[in-house]
Amino acid sequence: MADKKILFFCQNLLGLGHFMRTSEILLHLRGQAQLCLVFGGQLAEGLDMTAATKVITLPALRREDGELKVVGTHLALEQVKEVRRQRLLDVWRKFDPDVLVVEGFPFAKKVLAFELIPLLKEIARQELKPAVFCSIRDIVLAKARKVAKAQKAEQTICKLMNKYFDGLLVHSDPRVLRLDERFSSLERLRCPVHYTGFVVQSFPPPPPDADLSEGGPTIVVSVGGGRLGHALLDGVLATAPLLAARCPHRLLVFTGPFLSDKDYARVADRANGQPNLMVRRYTTSLLHHMARAELSISLCGYNTAMNVIRTRVRALALPSLKDFEQPLRAERFARSGILEVLTQADLAPSVLVERIVAMLERPRPSAPTGFDLNGGATSARILLNATRSRRVGAGSPQPAAGANVASH
């Protein structure tokens, strides 16, 4: 089985959740296959990529105001695109995988079509082709669209999936969030659709972290990568003096690795003179901090929500309103008693301090959620069982329409 070769393509354009899901699946595959990770996003210091046998980093891209931006190089965008396109093809040819996993595309990350479509076309021309999987989170197509535009987007997704992909991994528990809630064309997909369960991060060995050795009760505040959640940071900073007078907790605030230096300096400056408030940019041990915390205050991105479930910490979540993703996830998780939802109105210091105190008076969650949290292991099993296939000839019959939806 260790002779099987699996190639992962992962690109974070905003936060880090995409990388964290891919990393967890790689951990479950380690030692059972040769693993190559192609990563094209902005790196955060300390990210662990050691689960992959081989790691290829492409010139980094991120998205800002809907447009691709180059990170950390003097090259123009079109030059970076060409370098990435050629390097991705070179990696595929040299590694020659049995399985390819494309994170997001074509359900998301359409701005990466410039490099992924040439790769998929090249693969489709092979007589003996690798099994190609698309890997997506629990909620897709979360932006508001007019009906005609939404239908056109789904038509494009179905066309690409049916032409190039052999399977779809949906990292969700269908009892909580189903793909067809946001994607009405599910029955038009010809490939098997696998609900893997939620991909929850495993506890790594605790790294050296001085903040973990600090005593006393802690409230952990986090905003993912740091490109969202600025209002939450400001609300917590303003509430800190009121909280100090109500309960002896320290506030440990992680601003995210991608918060601008200017904004980080502003946040850190506001913390000066407040002994109960500590500001940090990023930690690779957030899971450990949340496990020890009395309360987590955060956005409701996929990875943070999974950390809340994993650690069973009391949790307040302010879902980002950039689209429907986080509000929908927060609503479903609140319905199950996993967290409580904050609104923008709750960020007023006099209101937020009361929400915090009320949460601290509640017992810490103790019972399992009942959710399927085996997404990493299930995804690994599906990929290990996948095999190469011979290209369907022009005169050969096509697979029957209709999705084969499997829940593992």
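The values are calculated or read from the model by the stated rules, or taken from the named source; none is laboratory data. Remember, predicted model here, so these are calculated numbers, not experimental data. Every residue, glycine among them, receives a Cβ derived from its backbone with ideal geometry; neighbour counts consider all protein chains shown.
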Give me the residue from the range 125-175 that is part of a helix (DSSP H, G or I) and polar (S, T, N, Q) and, out of that set, surrounded by the most Cβ atoms within 10 Å (Cβ to Cβ). ASN162
State whether the residues of the range 223-239 include one that is assigned to a strand (DSSP E or B) and in contact (Cβ under 8 Å) with a residue 60 or more places away in the chain. no
Could you check the range 205-222 and list, in sequence order, the residues that are of a type in the set (S, T, N, Q) and not in a strand (DSSP E or B)? SER213
Exactly one of THR284, THR304 is β-branched (Val, Ile, Thr) and out of contact with any strand residue (DSSP E or B) (no Cβ under 7 Å at 6 or more places or on another chain), and that one is THR284
Residue under question is ILE309, and the condition is that it be of a type in the set (Val, Ile, Thr) and part of a helix (DSSP H, G or I); does it hold? yes
So, in the range 122-131, how many residues would count as being in contact with a strand residue (DSSP E or B) (Cβ under 9 Å, 6 or more places away or on another chain) and either over 15 Å from ARG93 (Cβ atoms) or among the charged types (D, E, K, R) (or both)? 3
Take the residues of the range 269-296 that are touching a Lys or Arg at 6+ places or on another chain (Cβ under 9 Å) and outside any loop (DSSP other than H, G, I, E, B): which is nearest to PRO349 (Cα to Cα)? LEU277
How many of the residues in the range 20-34 are within 17 Å of THR196 (Cβ to Cβ) and either of a type in the set (Ser, Thr, Tyr) or out of contact with any helix residue (DSSP H, G or I) (no Cβ under 9 Å at 6 or more places or on another chain) (or both)? 2
Of these, LEU88, LEU37, which one is part of a strand (DSSP E or B), buried (at least 17 other Cβ atoms within 10 Å of the Cβ) and either assigned by TED's automatic domain parsing to the domain that holds PRO257 or touching a strand residue (DSSP E or B) at 6+ places or on another chain (Cβ under 7 Å) (or both)? LEU37
Determine whether LEU112 is within 18 Å of the chain's Cα centre (by Cα), assigned to a helix (DSSP H, G or I) and modelled with pLDDT of 95 or more. yes
Go through ALA44, ALA52 for me and flag whichever is touching a Phe, Trp or Tyr at 6+ places or on another chain (Cβ under 7 Å), touching a residue at least 12 places away in the same chain (Cβ under 8 Å), of a type in the set (A, V, I, L, M) and in a loop (DSSP other than H, G, I, E, B). ALA44
Residues of the range 127-147 being over 14 Å from the mean Cα position of the chain (by Cα) and basic (Lys, Arg), which ones? LYS129, LYS143, ARG145, LYS146
